[in-house]
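In what follows, a structure is listed as structure tokens, so that the remarks can point back to it.
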Amino acid sequence: MPKINLLLLCGGGGAEHDISLMSARFFESSLAKSDKFSVLKLVLDKHGHYHTEDGKLCDLTNRREIRFEDNSTPAWSVDYVIPCIHGFPGETGDIQSYFNLIQLPYFGCESEASSNCFNKITAKMWFSALGVPNTPYIFLHQLDDDAIKQTETAFDNWGSVFVKAASQGSSVGCYKVDVKANIANVLKDAFSYAPYVVVEQTIHARELEVAVYQYQGEVVATLPGEIICDSNTFYSFDEKYATNSKARTDVVADNLNPEISQLIRDYAVKAFKGMKLRHLSRIDFFLTADNQILLNEINTFPGLTPISMFPKMLQNHGHDFTEYLIDVIGQQVDLT
């Protein structure tokens, strides 16, 4: 059986470009453990150009071929693609729409599900429609005096708020506001990242994460893991990836009531199935001191860096990542 020509795309040119490159290295090492794939890794830059790691420019054509600009390398036919791109255009659904158009099978959630989850406002509407509790919020569509007044009222009611760019990665354009006078400047910063902003009540709670993925025809939800931040901080982009971060990640949350753990997993599966997710996701929850469960957000292409939770939780659940990839890809292309 000839090897499957697998295109591994990474980068994207956005705020999480470098994280995407790190995740792609994990895919590379996992795919290298199988003899079923011939892998070509390409980087997508901020101008929408594809290139190899050594700088050769190329295009992905509507004939599902990689064609190199200088014609020094023969065209490469693509059988399957892994869009390892965090943020735009991977998690937004944009690049999946192109794959659908040229009928190229790909790994991960489809375009509509990606778009619905990436926009925090759309996602919260879906959570509520599915009966999954989530954090109280208000929605802002433009930066003006009324938006500032609405946010100040929310601050008065809740005591503290999170201001989040609605269509960015989980830690990008996200600000905790504990001082009312800072609201106008924070809103200005958030609107610089996206045309819509969501303002959420600050929830003092445990931050729990569930890896939810499809394996051998079943939807699997792992035991919740936990993010434990330093006192009075939240899991910001810097706190997540900085070398001096004081945050700790536990693959399995300690001292979690089994009934609460199962209810969180049930909510995660309900969201995965109800929003028509596919292949993989990381679904994040808050758990308050009085055991209130609130869905925070869904990441449709979670990080696969050395500190990332998804691969660790999958492995802890007893599954090998390479075998998982073979199973998922084998559902779409013939690997026999």
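The values are calculated or read from the model by the stated rules, or taken from the named source; none is laboratory data. Bear in mind the structure is a predicted one, so any value in this text is a computation, not a measurement. Positions of Cβ are backbone-derived with ideal geometry, glycine not excepted, and every protein chain shown enters the neighbour counts. The protein model used for the area step is the full one, side chains on, heavy atoms only, and it has no ligands, DNA or RNA in it. Shrake-Rupley method; radii C 1.70, N 1.55, O 1.52, S 1.80 Å.
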remark   = Only unsatisfied item for Gly55, checking (1) under 30 Å from Gly173 (Cβ atoms); (2) open to solvent by 10 Å² or more (accessible area, probe 1.4 Å); (3) not in a strand (DSSP E or B), is (1)
inquiry  = Being in a strand (DSSP E or B) and among the small types (Gly, Ala, Ser) is the filter here; which residues of the stretch 69-95 pass it?
reply    = Ser77
remark   = Scanning the stretch 320-334 for residues that are part of a loop (DSSP other than H, G, I, E, B) and out of contact with any helix residue (DSSP H, G or I) (no Cβ under 9 Å at 6 or more places or on another chain), the one most open to solvent (accessible area, probe 1.4 Å) turns out to be Gln331
message = Suppose we filter the stretch 62-88 for residues that are touching a residue at least 24 places away in the same chain (Cβ under 8 Å), open to solvent by 10 Å² or more (accessible area, probe 1.4 Å) and more than 12 Å from the chain's Cα centre (by Cα); how many remain?
response = 6
task = Can you tell me which residue within the stretch 96-139, out of those that are open to solvent by 10 Å² or more (accessible area, probe 1.4 Å), within 26 Å of Leu335 (Cα to Cα) and in contact (Cβ under 8 Å) with a residue 60 or more places away in the chain, is nearest to the chain's Cα centre (by Cα)?
result = Glu110
request  = Filter the stretch 2-37 down to residues that are farther than 26 Å from Arg67 by Cβ and more than 20 Å from the chain's Cα centre (by Cα) and give me whichever is most open to solvent (accessible area, probe 1.4 Å).
outcome  = Lys33
ask   = Somewhere in the stretch 157-175, is a residue farther than 30 Å from Ile260 by Cα, open to solvent by 10 Å² or more (accessible area, probe 1.4 Å) and either assigned to a strand (DSSP E or B) or free of Cβ contacts under 8 Å to residues at least 60 places away in the same chain (or both)?
value = no
